[in-house]
Each structure stands twice: as C-alpha cells, then as structure tokens.
1. Give the residues of the range B:167-204 that are open to solvent by 20 Å² or more (accessible area, probe 1.4 Å) and in a loop (DSSP other than H, G, I, E, B), sorted by residue number.
2. Can you find even one residue in the range A:82-100 that is within 14 Å of another protein chain (Cβ to nearest Cβ), assigned to a helix (DSSP H, G or I), touching a residue at least 40 places away in the same chain (Cβ under 8 Å) and of a type in the set (D, E, K, R)?
3. Could you count how many residues in the range A:333-381 are more than 18 Å from the chain's Cα centre (by Cα), of a type in the set (Lys, Arg) and under 15 Å from residue A:461 (Cα atoms)?
4. Filter the range A:373-405 down to the residues that are at positive phi and modelled with pLDDT under 90 and list them by number.
5. If the requirement is being on the phi < 0 side of the Ramachandran plot, more than 18 Å from the chain's Cα centre (by Cα) and not aromatic (Phe, Trp, Tyr), which of these qualifies: A:125, A:160?
6. Out of A:307, A:252, I need the residue that is at pLDDT below 90, of a type in the set (A, V, I, L, M, F, W, C) and open to solvent by less than 40 Å² (accessible area, probe 1.4 Å). Which one?
7. Answer yes if at least one residue in the range B:2-13 is at the interface with chain A (Cβ under 8 Å from one of its Cβ atoms), in a helix (DSSP H, G or I) and free of Cβ contacts under 8 Å to residues at least 40 places away in the same chain, and no otherwise.
8. Restricting the first residue to the range B:150-169 and requiring it to be closer than 21 Å to residue B:228 by Cβ, which pairs with a second residue that is β-branched (Val, Ile, Thr) meet a Cβ separation below 6 Å and a spacing of at least six or different chains?
Amino acid sequence: MNNINNDKQRNAVTKKLKYGSLSMGFAVLVVVLCIAVNLAASLLSAQWSLRVDITDDKARFYTISDGTKKLFEEYFSETPDWHITIRFLAKEEKVSDNMVLELARSYQSTFDGHIDLEFMDINTNIDKWEQYCELTQIELTSYHVLVEGKYHTRAISFANFYYTDSESGETVAFAGEKAYTAAMIKSGIKENPVAVFTAGHGESLDNGKYPLASYVGLSSEQLSQANKLSLFDTLNDMGFEVQVLDLNESELPESTRLVFISDPQRDFMDYDPDKPDVVSELEMLKNAMDNYNVTLMVSVDDETPELENLSRYLSLDYGLIYHSNVSVTDNDNSLKGSGGKELLGAVAAKNSGSLGAQIVKGFGVDERFVFNNAVKLSLSTDMSVQGEDMIVSTYSTAEAEGKKDVYPLVAYTLQANAIEDDKGTDTENKEYKTAYLFGSTEFLSSEYLNSRFSNRALLESILRKANTVQEYVAINEVYFIDEGLDITTGEARGWTVAVTLVAPAAVFAVALVVWARRRHA
Amino acid sequence: MFAIYKRELKAYFISPIGYLFVGNFLAVSGLLFSICTLQQQESSSVSNYFRYLIYAFAILLPLLTMKSLSEERKTKSEQLLMTSPVSISGMIMGKYFASLTVFTAVLLCNSLNFLLLEKFGDPNGRLIISNLICLFFIGALFLAVGMFFSSLTEDPLVSAIGSMDAIFVMLAVNFLSDITIPWLKKIVDFISVLSRYEPFTYGILDITSIIYYVSIAAVFIFFTVRVYERRRWA
C-alpha cells in the first residue's frame, strides 16, 4: 500500500516537473523565436523595403493643370515660335531640388518643342553667370532656376516653389506649377502691369511686421527676394511687377494697374491752394484712377487713425467709410483663443450681375474668410456715389459698439468713367474704376493667405475681375499634409458635444436597460 | 473555438460590461478627437489624436479583457472550460478574438468621426487609414496583454490594473528614445511600441512593425495558454 502511494507521489512529481520544465522551455523558445523573427524582419527590411507607402501620390506634384495647358496652347496657336527655356544653374545630377527638377521635366515633356530644359554649371561658366546676374539683378546660385522667354529672364529661388507655415516654419505645400507658369507668362509679356504699394505714411504689411518704407526703390525681383511676403509673391504670380513708391518722391508709372495702401498711419497730401503747382499725392492717385484704369485697394484695421484727407477721398469719391478705433469682434464665429478678434467672414455679395457677385461666383456658401483686428466699415448713402457694395461681411453674431449685426469686412465701389472722344464729348464707351476697402490689414497677411481660409482665393478673384491681369491661370498649390479645418468656434463647440456625449449617452442608455432587465429577470 | 468565440461575444452584450466599454471608448475617443481636431480649428492635428488614443488604449482595453478569464476562475466555471472538449488554446483564442472583434467594431464606429474632418476640411484619407491599421494592431497587442493578466488572477480589478501597468511600461519605453548611447537607443527603438508606430503616421505600412505587434501579441497569448496548461496539470 505504501509502495503504491509512493509511486503515485513520484509520478505526480515527475509529471509536474515534466510539464513545468516543458512550459518553461516552451516559453523561452517562443520568446527567442519572437526575437529572431523580428530581427530577421528588420534585417530583411534593411535589404528590401518592407514598407508600403499608401499615400504614394507624388504624381500630383508634377501634374500640369488643364488651365496651364489651355493657356499655353493659345500661345502656341497665336505665336507658333513661342519658346521658353528652363535653365538650372548646376549639372543635372547636382540639382539639389528633385521636385523642382521633376516638374521642369514634366513641362518639357508636356509642351515638347516649346519648352526646353537646360543645365549650366555656374562654377565653370563664370561669364554666363555674371551675365545672368546682371540680367536678373539677383546674385544667382545653384539654388535658382532661370525661366527664359522672348522678352525677359526670370530667376526663381527653389525656396519660392514652396509655401511655409508662418508659425511653425514648416514647409506645407509645393507651389511649383504656380511659380513656373507665372514666370513663363511674365517672361513672354513685353510690359507687365505694375502694382504699387505706397510708402511714406507708416504703411506696413502683416500687421506692422514689414514696414513698406524699407522696400522703396527695390525692383520686383529684389522685393521677392527681400522677404518671403505672400502678398508680393501672389502679385508676382499673377504677372505684376511690384514696386513700393513714396508718392511724394516718385510718380505713378503709366503701367500702374493697382495701387495698394496698407494700414497708413499718417495722412496723404491733398491739393494745397498755397502750392498750386505741386501735384499732391491724392491728386496723382485720382488722376491715375480716372485715366489709367487703376484699381485702388486700401486696408485698415481698428488701430488705423482717422486720416482726414484719405478718409474724405474714400468717402466722397467711393462711399467707403472706416470708423477709426471701432473694433468688430465675434465670439461665436472666430478662431479659438482670439477673444473674438480673429473673426470669420462669409460671402455677402448676392445681387447677380454685380461686381461683387462676379468676384465670388465660384465660391461656395460655406466659404470662409479670416480677419484680425477688424474695424467697423460702412457704405455711404450719398446718392452721388453709386455702385458701392460689400463682398464679405461678418455673421450676425458680430459685435461693434455693443451692437450685434452684420458688418461689412470687404467693401468696394465700381464706378463708370465716361470716355471722351477727340472733341472732348462723352462717348458711350466706359472704363471702370474700382476701389476696395479691407476692414483688416491682416486679411492679406502671409499667415492668412497661406491658410485654409479663402483669403487668397478672394484676392486672386478680385485681381482677375479688376481687369488688371491680362492673363492669369488659377493654379492651386499642392499641400503635403493638409489637416486644417474651416470650422467656427461655435460649430466646434456643438460638434464636440455631439461626438463626446450623444453617441456614448445612447450606448449607456442601452447598458442601463440591459442591466435593469437582468436585475428583474 | 468558434463556440467559445460566439459565447464570449454574446456575453459582452448581455451584461453591461460590453456597453460600458463601448460607451467609455466612444466618449474618451470623441473627447480626444474634439480636442485635437475640432477645437484646434486651423491647426487641427489628426496625428496627435491617434497618438493620444494609444495612451487611452492603456486604460480602455484592459476594461474589455479584465473579466474574460479571471471571472471564469472566480465563478469556478473555469473547471468546466478546462474539462470541456475544447483545447485550452482554442478556448483562449476564442475569448481573445471575441474581445478583438468588439474592439475592432468600436474602432470602426468611432471612425465615423472622421466624416467631420471631411465636412470641415480636406483630410488625407489614406493617412487616416494607415493610422487606423496600426491602431488595430496596437489594440490587438494590448488585448493580448490584458488576456494574460486576466489569466493570472481571479480578481478583475487586479487584472485590469496589472494590464494597465504593463501597457504603460510598454509605452513608457519610448521616453528613453532620447538617450544618446547609440546601441541602447537601437534597442529602445526596436522594442518601443510607439517607435514602431512612427512610419504609419506618414502613411507608410511598415510590415516589420506589423510583424512586431503580431509576434508580441502571439507571445502573450502563448503565455496565457501556458498559464492554463500549468493550472490544468497542477
């Protein structure tokens, strides 16, 4: 009996040991196997790519849009010898930006025979390099590409092919087609329209970041090099020569098609009866507006002082009024954390056939624009001014002087100038003069122009409709990763409640029912 | 195994535990989604949302697995399972796949939130899909960890806390990735759950990472089976 019990005990111990040691052995083996599999996978990955890029859509960066194709085909049919050379300033294998190079190749293959691609090593062609520097007025490096057309040679820095987020400094988009097509258009046009930014009155861009006085006298190319200002870039892209002029010192060129007054701090000179021979700044502006088909754009904000002469000119001639120091805020339709100051605007022009309606024709009803430090604008009811209207306005939740209302944010006036014939009598032909008043100087800041809001689209549309741009193709930049949302603070609040509470509450309600039923079952 | 799977799946929804998990998951995930995207408006970041969701998994997923084995032990129904004509690995796998199914279903339901990004922006759908794929594998790994801890104890609370701790340790390894000793950094990157996740944030399906998640999950499932094997023969 004792022997049987001893045998049973021995067997149990042996079994336990056996299974115990097997378990341990197995465990160690599996762990080792796991490490081995992962090491093998890593080694294989180093040799063959074990990665699948499911966002591999790089072709979109090099695809040339239908707009560019259509425009260039028109050129070819009108001018069969229309020809462009894209010249890199390095050997082909040394070009440091592959995206810029690939896109150039794409242009060459798409417009075969009309666009050529060439490479010139500037280290071994010093004479040529000096010639090109002279021609473009830029200290060229291998980080530039030249676009040579019939009339001009344009130099584009590789950096200008990209958009950068002004806050983070990260490169967010590739604007290659925009840069190339604009340069090709400009190099083929004999005389480009001029966009003049006034200086001498404390004007600045980007909410005071860039005082315009420091840019007086620089060429368009030098301006685009001086600072990465998106407004200058956009105008360049649209075929303008950008100049910054002090109207007390220089006259407006005859080819001026756009005058931009950005956040002036001091007043403009008007006609002075004591100096009848001196043509004042505002007289010069009026003359250009009446005779050169110039578009005037003025931007002000809630800190722009009351400027007697300029305000009178805008009010009497165009019916556009800004109420100095009267801020417009909106707590419901604004960007987070701005205290209602970075407010959102929506399309306001509705009368079909009006200039405003034409400008926003392609815009959706949910299109939004962002403004900062907006000032209250209003439109004169004076019958002598006709054709004034607004393009963008606030939502009805906006507030100024303690009153909630819809306030204009971008207003304009379109007036017809009768053209006189040789005998000095009015003809039926008319030219139009247009003035725009922006209720925020930051509306056209780099930050907002490069944002997901429609500020840039509105600027481009205004310039197209203002008849200042001969030929322009709307080309969109291609974003690498675009995560920004066009959502108001109010909407964000509402949807937060919906996604955080509604669905879970429904599930918890079902849980409650299940629990109750089980309890009473 | 399929019978266990069906029974387990049903069990999640005849008791409140399944609903509580789903409700909590949707609430936490919805809140993170709102904070990282809707509330950020222009500077919305869906990548941040996914990253935070992984940390939320450390708390949420153990809730799903905490009772799956410990409860059987507590109610003594474990003996029935161990003597039933189903292998232990079949039983564990059945329970594991049931929890994985519930997790996947919630993850998919939760993905409806991305329609809001589509409504208010222009999200990169492929990037979201690659992140979701990785989240699925990370979830599968954490569930396996949860199963293992559930097999060690008969108290669901202890099981849940143990799993959370283990998952937090796995995630915390990533904080060592800033160390400057090259060989140590290599090891940390090799074993870090979050380092392995990095390629997916750029829309790259990294097969080695998937192998890593699946193999580690398999190890924990194997350990769970061994725990039961030992208990059966003890």
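The values are calculated or read from the model by the stated rules, or taken from the named source; none is laboratory data. Predicted model only: the values in this text are computed from it and were never measured. No Cβ is skipped: glycine too gets one built from the backbone with ideal geometry, and neighbour counts run over all protein chains shown. With ligands, DNA and RNA removed, areas are computed over all heavy atoms of the protein, side chains included. Shrake-Rupley method; radii C 1.70, N 1.55, O 1.52, S 1.80 Å.
1. Passing the criteria: B:179, B:180, B:181, B:202.
2. No.
3. 1
4. Once the filter is applied, which keeps residues that are at positive phi and modelled with pLDDT under 90, the range A:373-405 yields only A:387.
5. Matching residue, one of A:125, A:160: A:125.
6. From the options A:307, A:252, the qualifying one is A:252.
7. Within the range B:2-13 (the criterion being at the interface with chain A (Cβ under 8 Å from one of its Cβ atoms), in a helix (DSSP H, G or I) and free of Cβ contacts under 8 Å to residues at least 40 places away in the same chain), the answer is yes, since at least one residue qualifies.
8. B:150/B:65; B:151/B:224; B:151/B:227; B:159/B:153; B:163/B:145; B:166/B:145
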